[in-house]
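Participant: Got a structure for you, questions after.
The values are calculated or read from the model by the stated rules, or taken from the named source; none is laboratory data. As the structure is a prediction and not an experimental result, all values here were calculated from the model. FYI the Cβ positions are ideal-geometry reconstructions off the backbone, even for glycines, and counts take in every protein chain you see. Side chains are part of the model used for accessible areas, which takes the heavy atoms of the whole protein and leaves out ligands, DNA and RNA. Shrake-Rupley method; radii C 1.70, N 1.55, O 1.52, S 1.80 Å.
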Amino acid sequence: METIVLSLGGSLIVPDGIDVEFLKKFRDLIISQTKKGKKFVVISGGGKVCRRYQEAAKALTQVSNDDLDWIGIASTRLNSELLRVVFGESAFEKIVMDPNMVPQTDKPVILGGGWKPGNSSDLAATQAALSIGAKKLINLSNIDYLYDKDPNKYTDAKKIEQISWSGLIEILPKSWEPGANVPFDPIAAKEAEVALLEVAILNGKNISNLEKYLNGEDFAGTQIK
């Protein structure tokens, strides 16, 4: 039975308020895929909940990067608990706290969140993929493609349909900043490069496009390998 790891961006779960309609469509698609024999490990990001709590902490006191990350980790786990309940009987009864200890279960969906300070939930997803021997990871966010620079700031930004890990690492920040909004965690990118992991970056809002990828059809997005 094939197991697929997804890094589900918090921007999809909580773009501002909780996106109930997206979660319903996402659940229905994943459950339909489990009926075809697939299993999923879904690692949640923090979204606006994460950044609002982090900004509040910074406004109230001097706070370390580790403490900001722990706030972020708690928000990812809250989102993951929500997903665990949403998936009901299809989901393993506890969320994954350590991606190196993904449980063996006959449940087709396993949920988890952030792991430890110094990185984002992308690293937790990467580690989960490595721990179960998966060779592919899907990174779902609110962008259609990876770009060579921020398309919100630069009108000449060019989409990237395929890129090597070394090429991606060149355009990512050199280090992790708590709450950073980047297409892929720079720490996770280095781990994925060493492991020869193949990652697809897709816009999770486009559920039909995600379905195409899961069915092995042509899809819109960026492949990193």
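Participant: Can you name the residue in the range 195-225 that is charged (D, E, K, R) and in a loop (DSSP other than H, G, I, E, B) and, of all such residues, is modelled with the lowest pLDDT?
Facilitator: Within the range 195-225, the match that is modelled with the lowest pLDDT is 225.
Participant: Any residue that is polar (S, T, N, Q), touching a residue at least 40 places away in the same chain (Cβ under 8 Å) and touching a helix residue (DSSP H, G or I) at 6+ places or on another chain (Cβ under 8 Å) - is there at least one of those in the range 152-165?
Facilitator: There is no residue in the range 152-165 that is polar (S, T, N, Q), touching a residue at least 40 places away in the same chain (Cβ under 8 Å) and touching a helix residue (DSSP H, G or I) at 6+ places or on another chain (Cβ under 8 Å).
Participant: Further question: Filtering the range 117-173 down to residues that are of a type in the set (Lys, Arg) and in a loop (DSSP other than H, G, I, E, B), which residue is least open to solvent (accessible area, probe 1.4 Å)?
Facilitator: Among them, the one singled out is 149.
Participant: Please tell me if residue 178 is modelled with pLDDT under 90, buried (at least 19 other Cβ atoms within 10 Å of the Cβ), within 15 Å of the chain's Cα centre (by Cα) and not in a strand (DSSP E or B).
Facilitator: When the stated conditions are applied, residue 178 does not pass them.
Participant: Would you pick out the residues in the range 166-180 that are of a type in the set (S, T, N, Q) and free of Cβ contacts under 8 Å to residues at least 24 places away in the same chain?
Facilitator: Of everything in the range 166-180, just one residue is of a type in the set (S, T, N, Q) and free of Cβ contacts under 8 Å to residues at least 24 places away in the same chain, namely 175.
Participant: Cβ-Cβ below 6 Å, separation at least six or inter-chain, first residue in the range 194-213 and over 17 Å from residue 125 (Cβ atoms), second open to solvent by 60 Å² or more (accessible area, probe 1.4 Å) and assigned to a helix (DSSP H, G or I): which pairs?
Facilitator: The qualifying pairs are 207/25.
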